[in-house]
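Chemist: Let me give you the structure first, and then I'll get to my questions.
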Amino acid sequence: MELKMRKQIINMRWFLIFLIFLVLLLSSSTSAQENEVCIVYFTGECGSNCRLTDNFMNGLIREYSDSLVAIKYNIDSSEENKNIFEAYRKTYELPSSIPLLLFGKNDYLIGRGEIYGKAEAKIFAYLRQNGTNCPLESGYVPPAELTENELPGEPELYENIEVPEGEEEREENEPFTETESKNETVTPEMPKQIDLKEIYTRHEKTIIPLVLGITIALLIMVMIITRKLRSPS
């Protein structure tokens, strides 16, 4: 009987080790909030397709303002910006269509449909990893080393700041017409946004205390049983 209980205690200890490892893993995942993701967004004068995508991106930049570094180029605002886009295209082998959201080599989203449907999920996934460096035309630069004065052309740089109120609300419900686009195909309307950051935070706040509580309770049980076995009968 005593041997059987000792085996049970050993099994419980291994289970406790597993729970402690799980708690540490969940706790370390919170450090992802400190990582930064850097993106380069190319837009221009392509009608409502670009305007609506601009509004969507402004909202996304505001939502992740504490962990997202965004470089925005309007390629139709100046000849220099247009040349910079061409330089990016050569460096990262990009198509010519806009709007275009760049994460890195062979890693980009093009068109309103892709950006609406996949941008937030990709940003969130990179935040859960180690973040990303900034894909510049000359190569990659860590977000902490990025300064607006060193960026070529006439970019808009969003770094730990909020987009001015109202920019993303302008013409948000304007219908899309193919004739207003530039080298762009018809894309679906914006689906309902899912706040991945809020979902993760909500579950994180409930799972970690639960696992900690179970671990502490099992630890107390093991201590009580061990004390009883060691005490003289």
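The values are calculated or read from the model by the stated rules, or taken from the named source; none is laboratory data. Here the structure is a predicted model, which is why all the values come from computation and not from measurement. As a convention, Cβ positions derive from the backbone with ideal geometry for all residues, glycine included, and neighbour counts pool all protein chains shown.
Chemist: For segment 76-88, enumerate the residues that are touching a Phe, Trp or Tyr at 6+ places or on another chain (Cβ under 8 Å) and either modelled with pLDDT under 95 or farther than 16 Å from L157 by Cβ (or both).
Modeler: Filtering segment 76-88 for residues touching a Phe, Trp or Tyr at 6+ places or on another chain (Cβ under 8 Å) gives 81, 84-85, 88.
Within segment 76-88, just F85 meets the criteria.
Chemist: Let me ask something else. Which residue, of N133, N106, N81, is in contact (Cβ under 8 Å) with a residue 40 or more places away in the chain and either touching a Cys at 6+ places or on another chain (Cβ under 6 Å) or over 24 Å from S48 (Cα atoms) (or both)? Can you show your working first?
Modeler: Details: N106 fails: in contact (Cβ under 8 Å) with a residue 40 or more places away in the chain; N81 fails: either touching a Cys at 6+ places or on another chain (Cβ under 6 Å) or over 24 Å from S48 (Cα atoms) (or both).
Only one candidate passes the filter, namely N133.
Chemist: For the subset of segment 128-150 comprising residues that are at pLDDT 90 or above and among the hydrophobic types (A, V, I, L, M, F, W, C), which member is farthest from K105 (Cα to Cα)?
Modeler: Among those residues, the one meeting the criterion is V141.
Chemist: If you check D66 against the conditions, is it assigned to a loop (DSSP other than H, G, I, E, B), within 22 Å of the chain's Cα centre (by Cα), surrounded by fewer than 22 Cβ atoms within 10 Å (Cβ to Cβ) and at negative phi? Before the answer, list the steps.
Modeler: On the way: assigned to a loop (DSSP other than H, G, I, E, B): yes; within 22 Å of the chain's Cα centre (by Cα): yes; surrounded by fewer than 22 Cβ atoms within 10 Å (Cβ to Cβ): yes; at negative phi: yes.
Yes: the conditions hold for D66.
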